[in-house]
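Structure record follows, encoded as structure tokens.
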Ligand SMILES: Nc1ncnc2c1ncn2[C@@H]1O[C@H](COP(=O)(O)OP(=O)(O)OP(=O)(O)O)[C@@H](O)[C@H]1O
Ligand SMILES: [Mg+2]
């Protein structure tokens, strides 16, 4: 388990982290979701020991990472938000350089590099200079550079920034495979969809404060339980009074709009309608989303 305890960090007068704490179980994807300037990168720089906190501690498997930096650097792989690759070298040369920094021998370094380049879909580009890569290819290379020493814990700081949808899906699949292999992933994003798609546990961070932690479902249940249902009904002529008692009902169009306290109440509504022989032609569920959670917790919207 990774334990992050009461991290505080200022840059001169800017208080970037105001006491951030969280725990990450092994073998899951934990993600920090928050807008620009929330403190995501600062948190990751501290956990990767690139930056010292003003206060607070970090433990992996009960061991203090700042007191065991050498040990931790072997266990942990950090993929920075800013690309950290050499444009004048090929993809393979970049990887081998990194592998050798981690002490892999020549042939091991090459084997591991080729393996990861192929897995991330850069097989055809292995021997091309990075300056000829597209933005998405550079991002993918940047990603595997942090994995070359086979770390147990992987920190990915916005690894899909500026990437098209298809390539994103490939990266998600790659990351999900890493989790299946037992890796523990920490990830940052400001994209709600990404958090919903990928994170087992989400930490919502804003202004240096971690506002809430939990699975997407749990967060919705706790912070945005109310759901808006929009139904188009048929076969409802005999039940106008009943339907009007449920919510806003239009007898001519068969359109029913109602608020239910939580997502788990939807099944009960459907059952009631079914039992009266009312047919549901169409149903839209609105409100039960991470977007509403974010709005309720921070008082503002998070635009993708
Ligand atoms: N080197 C620095 N010097 C001064 N202020 C900094 C520095 N790095 C970060 N900050 C400030 O600290 C706060 C947190 O920044 P951080 O980079 O951790 O946010 P972030 O959540 O990663 O944002 P983004 O989504 O834009 O990457 C911001 O107010 C930022 O301006
Ligand atoms: Mg950042």
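I need the fraction of alpha carbon pairs in the chain separated by more than 31 Å, rounded to a whole percent. Percentage above 31 Å: 43.
Can you say what percent of the DSSP beta bridges in the chain, counting only those with both residues inside, are antiparallel? Round to 5. Counting DSSP beta bridges with both partners in the chain, the antiparallel share is about 65 percent. Scaling the Cα radius of gyration of the range 1-79 by the globular reference 2.2 N^0.38 Å produces a ratio of 1.06. Per residue, the average separation of C-alpha pairs within less than 8 Å and at least 6 apart gives the range 141-232 a relative contact order of 21 percent.
Relative to the longest principal axis of the Cα atoms of the chain, the long axis of helix 165-180 lies at roughly 70 degrees. Sorting 86-97, 256-267 by their mean Cβ neighbour count within 10 Å, with the most densely packed peptide first, gives 86-97, 256-267. Angle, helix 91-101 long axis vs. longest principal axis of the chain, Cα atoms, 0 to 90°, nearest 10? In the chain, helix 91-101 runs at an angle near 70 degrees to the longest axis. Rg over Rh for the range 186-304 works out to 1.10, using Cα positions for both radii and the Kirkwood form for Rh. Taking the average, over residues, of other Cβ atoms within 10 Å as the packing measure, peptides 280-293, 241-254 rank 280-293, 241-254 from highest down. Per residue, the average separation of C-alpha pairs within less than 8 Å and at least 6 apart gives the chain a relative contact order of 20 percent. Only DSSP H runs of four or more residues enter the estimate; each adds -39500 (n - 2.57), and after division by the residues of the chain the mean residue ellipticity at 222 nm equals -10500 deg cm²/dmol. Each Cα pair under 8 Å and six or more residues apart adds its sequence gap; the mean of these over the residue count of the range 173-304 is a relative contact order of 29 percent. The range 1-79 and the range 236-271 have Cα centres spaced 48 Å apart. Of the two radii for the range 122-239, the radius of gyration is 1.14 times the Kirkwood radius, both from the alpha carbons; that is the Rg over Rh value. Seen from every direction in turn and averaged, the convex hull around the alpha carbons of the range 225-288 projects onto 3.7 nm². Compared with the dominant principal axis of the Cα atoms in the chain, helix 135-145 is inclined by about 60°. Stretching residue 55 away from residue 15 to a fully extended chain increases their span by 13.2 nm, per 0.36 nm per residue minus the current alpha-carbon distance.
No lab work stands behind these numbers, since they all come straight from the coordinates. Owing to the predicted nature of the structure, the values given are computational and were not obtained by experimental measurement. Quick reminder, even Gly has a Cβ in these numbers, built from the backbone with ideal geometry, and neighbours come from all protein chains shown.
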